Amino acid sequence: MDKKKEVLLEVKNLRVEFGKRRKKFVAVDNVSFHIYRGETFGLVGESGSGKTTIGRAIIRLNETAEGEIIFDGKKINGNIDKELDKEVTRRIQMIFQDPMASLNERAKVEYIVSEGLYNLKNYKTDEERKAKVEKAMLDVGLLPEFLSRFPHEFSGGQRQRIGVARAIVMEPELIIADEPISALDVSIRAQVLNLMADLQKKKGLTYLFIAHDLSVVRFITDRVAVIYKGKIVELAETERLYRTPLHPYTRSLFSAIPIPDPRKERAKNLEVYDPSCHHDYDKDPPRWVEIEPEHFILANERELEEYRKMLAKNGVQAIG
Amino acid sequence: MEDRKVILSVRDLVIKFRLRGDILTAIREASLDLYEGESLAIVGESGSGKSVFTKSFMGLLDANGWIDAGSIIFEGEDLAQYKIEKDWLKIRGKKIAMVFQDPMTSLNPLKTVGKQVQEAIELHQGIKGEEAKDLAISILEDVGIHDPENRYKQYPHEFSGGMRQRVVIAIAVACNPQILICDEPTTALDVTIQAQILELLKGLKDKYNLTTIYITHDLGVVANVADRIAVMYAGDIIEIGKCEEVFYNPQHPYTWALLSSLPQLGVKGHDLFTIKGTPPNLFYEIKGDAFAPRNPRALKIDFVKRPPYFQVSPTHKAKTWLLDPRAPKVDPPESIRVLRQQWEVGNNG
């Protein structure tokens with residue numbers, strides 16, 4: 001990570017709206033962030049905060065109202081030509097939340113994993129396609145024999161592996177993993193997380209990891225952004241953010257993480273976030289500011305001062 | 001603990017299901033004593049039988065399932081002998097109530113939430129009309145719903161997920177049950193809401209004098225709410241003890257594995273601990289310790305003979321041959337040793 005960082009994906013002032021005129025709902029509002037090649041970038045927030053919408057906007061499933069999404073130097077949102085669209089489809093893939101719902105029940109695994117290849121026709125002979133599919137299966141720890149089976153013959157963990165296989169068969173660079181393990185059991189979660197980490201090492205993948213399980217996010221991500229009601233309120237390196245969360249929403253979110261340790265869990269202090277009493281944005285609207293290197297926060301001047309004090313205090317504590 | 005009153009006593013319960021002509025044994029001779037006023041958490045993977053086990057206390061088994069052997073003693077009666085719905089109506093809702101996982105599907109979308117709470121009161125407490133309505137409103141207030149008079153008239157779709165779960169809890173406590181079973185009460189909710197609901201449940205437990213059973217796979221939730229923990233694997237309770245005993249001094253290799261696979265105990269950049277293999281097929285008879293095939297530290301006897309409970313402390317017991325005095329000394333994995341050290345430090349300090 002310390003080597004020269006190359007930005008793979010950049011999201012600038014993104015805005016996504018649903019509905020029109022009076023029914024209009026702004027799901028994502030002025031969101032900016034970038035993802036470096038090879039890193040795992042986490043996006044956390046509660047349901048309805050817009051984290052999935054951002055993922056879907058990147059992969060061109062949701063239209064964008066404003067802003068730019070730049071992938072490897074090229075703008076990929078809005079109207080783009082067919083060639084680029086195909087390229088985006090190949091280079092950005094997605095893993096979905098519920099492996100019970102995201103696989104076609106009536107198709108064999110072979111078809112499910114090959115579907116992306118069929119659509120883009122980026123193989124010369126059928127043998128080549130088969131070889132690619134078999135390799136993808138082996139990569140995710142499944143046997144090529146399984147290709148002739150149907151999804152219902154697999155357990156939840158195996159199904160999620162199939163979901164991963166059909167993403168990596170396209171040889172993507174960026175994988176958007178939308179809650180890939182929330183629907184799985186504790187012990188299987190660990191397997192899928194290990195698999196994802198392993199594939200990242202082998203293939204140099206970049207992940208956008210969308211989740212609400214904050215302890216998993218801490219374990220797997222390099223940097224993390226916290227999103228609240230369509231706005232990113234804080235973004236920093238994962239460890240730094242978990243150690244010194246500044247924004248009141250981040251703090252309330254982190255204070256609610258269940259700790260599997262009875263003594264600590266019972267001693268913890270819940271913080272409550274109430275936008276109406278934490279902020280005075282009527283007079284002084286907030287800006288997106290880099291408060292320390294690689295640590296961004298949404299705040300106005302008065303709050304920035306407060307946060308800087310908190311940082312200084314933490315710094316002193318860390319040294320002492 | 002020992003002198004506390006046992007409110008529900010399950011002995012050697014066997015539950016079977018008929019599935020496509022085959023017979024599956026979901027619960028294999030599980031026993032449990034539930035003490036009055038305690039809060040017990042049952043943890044385990046999906047398919048371990050934790051939901052089936054507790055559903056059998058309320059006669060809620062699916063039509064293809066039945067209690068094959070064993071007893072469930074509650075208030076001097078054996079619930080395992082209940083055959084007809086009429087018997088169960090005396091228990092279900094009235095004495096033992098349940099909060100289900102998904103608040104989106106457990107409410108009736110066509111009735112106002114107030115009516116749904118009121119219905120439960122009228123059915124179980126014999127209070128009718130205005131009086132029942134007033135009680136419904138006060139219960140809604142108890143579960144932390146602001147402005148209950150107005151929200152009484154609203155429909156479930158006007159409530160957020162967390163608020164709906166509060167309504168579901170209101171319906172459950174409206175019948176003044178003795179035992180409240182919460183089946184994954186917060187899995188469908190966001191962390192901040194989850195914390196609020198757990199606080200609410202803890203508060204209600206004191207206020208309404210409830211004995212609570214939590215069914216969950218989230219060990220963070222367990223650490224928060226449980227007095228005692230029962231770990232289930234393949235239809236049996238393989239370890240049970242006080243919350244701190246199970247967390248800091250686990251004895252069964254499966255409990256070790258479960259705790260070790262938590263991301264909180266993982267080290268960044270290293271693989272997380274995983275449990276190899278899959279849970280046993282419950283269509284076949286299981287020989288020995290059900291976890292043995294997945295346990296790298298399994299002893300020979302684990303494959304031959306099913307272990308009985310070995311007492312670790314007066315309140316803590318586990319079904320593993322490792323606790324037999326004749327067993328060789330087997331070290332738990334690194335992460336468990338760390339937990340144990342914390343426990344010892346905590347006890348001394």
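The values are calculated or read from the model by the stated rules, or taken from the named source; none is laboratory data. Everything numeric in this text was worked out from a predicted model, so none of it was measured. Cβ sites come from the backbone with ideal geometry, for glycine too, and all protein chains shown count toward neighbours.
Computed quantities for the displayed model
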{"read-out": "Single residue of the stretch B:225-235 satisfying the filter (within 11 Å of another protein chain (Cβ to nearest Cβ) and assigned to a loop (DSSP other than H, G, I, E, B)) that is nearest to residue A:190 (Cα to Cα)", "value": "B:226"}
{"read-out": "Residue satisfying condition, being modelled with pLDDT of 90 or more and touching a Pro at 6+ places or on another chain (Cβ under 8 Å), within set A:106, A:56, A:90", "value": "A:90"}
{"read-out": "Qualifying residue in the stretch A:46-63 (condition: within 14 Å of chain B (Cβ to nearest Cβ), touching a Ser or Thr at 6+ places or on another chain (Cβ under 8 Å) and either among the aromatic types (Phe, Trp, Tyr) or closer than 30 Å to residue A:253 by Cα (or both))", "value": "yes"}
{"read-out": "Residues being in contact (Cβ under 8 Å) with a residue 12 or more places away in the chain, away from chain A (no Cβ under 12 Å) and buried (at least 21 other Cβ atoms within 10 Å of the Cβ) - total across the stretch B:257-294", "value": "3"}
{"read-out": "Subset tally (residues that are part of a loop (DSSP other than H, G, I, E, B) and in contact with a strand residue (DSSP E or B) (Cβ under 8 Å, 6 or more places away or on another chain)) for the stretch A:191-228", "value": "4"}
{"read-out": "Odd one out for residue A:222, checked against (1) assigned by TED's automatic domain parsing to the domain that holds residue A:98; (2) more than 20 Å from residue A:10 (Cβ to Cβ); (3) at pLDDT 90 or above", "value": "(2)"}
{"read-out": "Output for the stretch B:261-294, where each listed residue is modelled with pLDDT of 80 or more, under 22 Å from residue A:201 (Cβ atoms) and among the small types (Gly, Ala, Ser)", "value": "B:261"}
{"read-out": "Single unsatisfied condition, residue A:221 versus (1) of a type in the set (Val, Ile, Thr); (2) under 27 Å from residue B:259 (Cβ atoms); (3) touching a His at 6+ places or on another chain (Cβ under 9 Å)", "value": "(3)"}
{"read-out": "Some residue of the stretch A:168-179 being over 20 Å from residue A:5 (Cβ atoms) and without any contact (Cβ under 8 Å) to a residue 60 or more places away in the chain", "value": "yes"}
{"read-out": "Residues of the stretch A:163-183 satisfying the condition of being more than 28 Å from residue B:188 (Cα to Cα), part of a loop (DSSP other than H, G, I, E, B) and hydrophobic (A, V, I, L, M, F, W, C)", "value": "A:169, A:170"}
{"read-out": "Residue in the stretch B:160-182 that is part of a loop (DSSP other than H, G, I, E, B), small (Gly, Ala, Ser) and within 14 Å of another protein chain (Cβ to nearest Cβ) present", "value": "yes"}
{"read-out": "Spans of strands (runs of 3 or more DSSP E) in the stretch A:1-46 with at least 1 residues more than 14 Å from the chain's Cα centre (by Cα)", "value": "A:7-18, A:25-36"}
{"read-out": "Hits in the stretch B:239-249 - residues which are more than 7 Å from every other protein chain (Cβ to nearest Cβ) and either in contact with a His (Cβ under 7 Å, 6 or more places away or on another chain) or not in a strand (DSSP E or B) (or both)", "value": "B:239, B:241, B:242, B:245, B:246, B:248, B:249"}
{"read-out": "Enumerated helices (runs of 4 or more DSSP H) restricted to the stretch A:58-155, each holding at least 2 residues that are closer than 24 Å to residue B:278 by Cα and in the same structural domain as residue A:29 (by TED's automatic domain parsing)", "value": "A:109-120, A:126-139"}
{"read-out": "One residue from B:195, B:188 being assigned to a helix (DSSP H, G or I) and within 12 Å of chain A (Cβ to nearest Cβ)", "value": "B:195"}
{"read-out": "Flag for residue A:188 being in a loop (DSSP other than H, G, I, E, B), not acidic (Asp, Glu) and not assigned by TED's automatic domain parsing to the domain that holds residue A:275", "value": "no"}
{"read-out": "The lone exception for residue B:84 - which of (1) among the β-branched types (Val, Ile, Thr); (2) surrounded by 13 or more Cβ atoms within 10 Å (Cβ to Cβ); (3) within 25 Å of residue B:60 (Cα to Cα) it fails", "value": "(2)"}
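Residue by residue, here is whether (1) among the hydrophobic types (A, V, I, L, M, F, W, C); (2) assigned to a strand (DSSP E or B) holds:
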position	(1), (2)
B:213	yes, yes
B:220	no, no
B:223	yes, no
B:237	yes, yes
B:251	no, no
B:258	yes, no
B:264	no, no
